[in-house]
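Remarks on the structure that follows.
The values are calculated or read from the model by the stated rules, or taken from the named source; none is laboratory data. Bear in mind the structure is a predicted one, so any value in this text is a computation, not a measurement. Every residue, glycine as well, gets a Cβ built from its backbone with ideal geometry; the counts of neighbours run over all protein chains shown.
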Amino acid sequence: MKKAGDQREPSRASLREMPEVNLKDGRWRANPYAARIAAEGVALPRRGRPEKGKETGPTVPRSVRFPKAVWKSLEAKAKAEGLPLHAALRVAIMTWARS
């Protein structure tokens, strides 16, 4: 029985027998945000904690109540736009507040 520390690198002979990977034949998924960035020229909100120095400052959590049907439609619209639900809500509210 092998122990965890007994793993060895592959031999040179076995590496020679492995076929090379041809990256030209691969199928690559297009960036879903490329067209939007080109059209709007803005950075998209990202998931998770912002990078150091790019924080927006302190935020105040608030509760918003919508009927279940409204939440479902908001979730579908955010998913279609490629945004997290709360990022889509922030964009909508900020757009409304600026107008």
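Can you name the residue in the range 25-39 that is in a loop (DSSP other than H, G, I, E, B) and hydrophobic (A, V, I, L, M, F, W, C) and is also modelled with the highest pLDDT among such residues?
Residues of the range 25-39 in a loop (DSSP other than H, G, I, E, B): 26-33.
Going one step further and asking which of them are hydrophobic (A, V, I, L, M, F, W, C), we end up with 28, 30.
Details: W28: 78, A30: 81.
Among those residues, the one meeting the criterion is A30.
One residue is enough: does the range 40-59 have a residue meeting the conditions among the aliphatic types (A, V, I, L, M), surrounded by 10 or more Cβ atoms within 10 Å (Cβ to Cβ) and at pLDDT 75 or above?
Restricting attention to the range 40-59, the residues satisfying the condition of being among the aliphatic types (A, V, I, L, M) are 42-44.
Going one step further and asking which of them are surrounded by 10 or more Cβ atoms within 10 Å (Cβ to Cβ), we end up with 44.
Filter once more, keeping what is at pLDDT 75 or above: none.
The answer is no, given that none of the residues of the range 40-59 is among the aliphatic types (A, V, I, L, M), surrounded by 10 or more Cβ atoms within 10 Å (Cβ to Cβ) and at pLDDT 75 or above.
Under the condition of being over 25 Å from P50 (Cβ atoms) and either part of a helix (DSSP H, G or I) or modelled with pLDDT under 85 (or both), which residue from the range 66-98 is nearest to the chain's Cα centre (by Cα)? Break it down stepwise before answering.
Our first condition is that a residue be over 25 Å from P50 (Cβ atoms); within the range 66-98, this holds for 66-73, 76.
Restricting the remaining residues to those that are either part of a helix (DSSP H, G or I) or modelled with pLDDT under 85 (or both) gives 68-73, 76.
Numbers: K68: 26, A69: 26, V70: 24, W71: 21, K72: 21, S73: 21, A76: 16 Å.
Only one residue tops the list, namely A76.
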**Message:** Pull out all pairs, ordered by first then second residue, where Cβ-Cβ is under 6 Å, the residues are six or more apart or on different chains, the first lies in the range 16-45 and is closer than 16 Å to L83 by Cα, and the second is modelled with pLDDT of 75 or more and not in a loop (DSSP other than H, G, I, E, B).
**Reply:** P45/A87
